[in-house]
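Below is one structure, written out as structure tokens; the observations come after it.
Laboratory data are not the source of any read-out in this text; all were calculated from the coordinates shown. Since we're looking at a predicted model, the values are computed, not measured. Here the Cβ positions follow ideal geometry from the backbone for every residue, glycine too, while neighbour counts run over all protein chains shown.
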Amino acid sequence: MKKLLAAIVAVAMILSLAVVPAMAETRDPHATFVGDTCEGEPGDTVDYTVTIDGAYEFHGLTMEINYDPAVLTLNSYTLGSVLTALPTGAMAMPDNSIPGSFRLGVMCAMDGITATGEMITLNFTIADDVDFSGAEGPVPHIITPVEFVITAFTYMPINEDPTDIDYETEDGSVVIYQPEEEPTPVPPTEQPTEVPPTEVPPTEVPPTEVPPTEVPEEPTPVPEEPTEVPEEPTEVPEEPTEVPPTDEPTPVPPTGAIALVGVGIAAIAAGAGVVIFRKKED
């Protein structure tokens, strides 16, 4: 009898030990969803990753990852290690049909998921026309948030009622930096600025056009006959011109009584003079 009682107690103890580990896995479960913080400039592509950490076993999960579709454009998504190594009967259902909201559903029919690490990575392109009017910091930038919304996160083994699992989220973001303006290149001041010489075009002086002297083709006719010169020489009178002698002084007319005497003398002289001239002629 004592042996039977001892055997019953031993079985009960074994069963109790077998149940305790299963209860420990689901006691006070908790999970933390963490979003990545990535950065870039307009036109860049960035990868945004969601990770999960904690002590849990979940069978059901539905979540949304919301972003601004005017700033970010979703290009693609990649499932992480937590959702690629699923237990038997589990499946992940991503949905990116709604711009600005990526949705993910996970369902496990048998064993739950206990792994930690990366769940999913979203690839975005930053818009080219980002508004930097509210940019802050030494390097101007803006921050566009990427937020989580968990609608279901449950522990739901077979033949048992579902139980919600506690969780917390740390939303991520995309930091977008304003591109730096390229400074205007400034030439070094050590070397003087070379000023090219001013090219002065040569002054073009048009040649003076001198009309050619017109030479008559036919020479001026010269009369063949010489000018007739009279043969007879000019007759020169043979007799020389008589010039009165200048030896005698010019007579001065006398005055008064002297004049009367002079008249008489003159008359005599005149008569005598005639005789003299005549003698000279003879």
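Take the Cβ atoms of D95 and D128, set R0 to 30 Å, and the FRET efficiency comes out at 0.65. Extension gain, T32-E204: 0.36 nm per intervening residue step, less the Cα-Cα distance, totals 52.8 nm. Only Cα pairs under 8 Å and 6+ residues apart enter the sum, and on that basis the relative contact order of the stretch 30-161 stands at 38 percent.
Near V146, the amide H atoms lying under 5 Å from its own belong to G172, S173, V174; only residues 5 or more places off or on other chains count, and H is placed 1.01 Å from N. Note that the stretch 99-178, at 20 °C in a medium of 1.002 mPa s, gets a Stokes-Einstein diffusion coefficient of 130 µm²/s from its Kirkwood radius over C-alpha pairs. With Cβ to Cβ distances under 15 Å as the rule, what net charge do the other residues near E64 carry (K, R +1; D, E -1)? Neighbour charge sum, excluding E64 itself: -3. FRET efficiency for the pair H141 and T84, taken as 1/(1 + (r/R0)^6) with r the Cβ-Cβ distance and R0 = 30 Å, rounds to 0.30. In order along the stretch 41-55, the phi-based Karplus estimate (6.51 cos²θ - 1.76 cosθ + 1.60, θ = phi - 60°) of 3J(HN,Hα) comes to 10, x, x, 7, 10, 10, 9, 10, 10, 10, 10, 10, 9, x, 10 Hz; Gly and Pro are listed as x.
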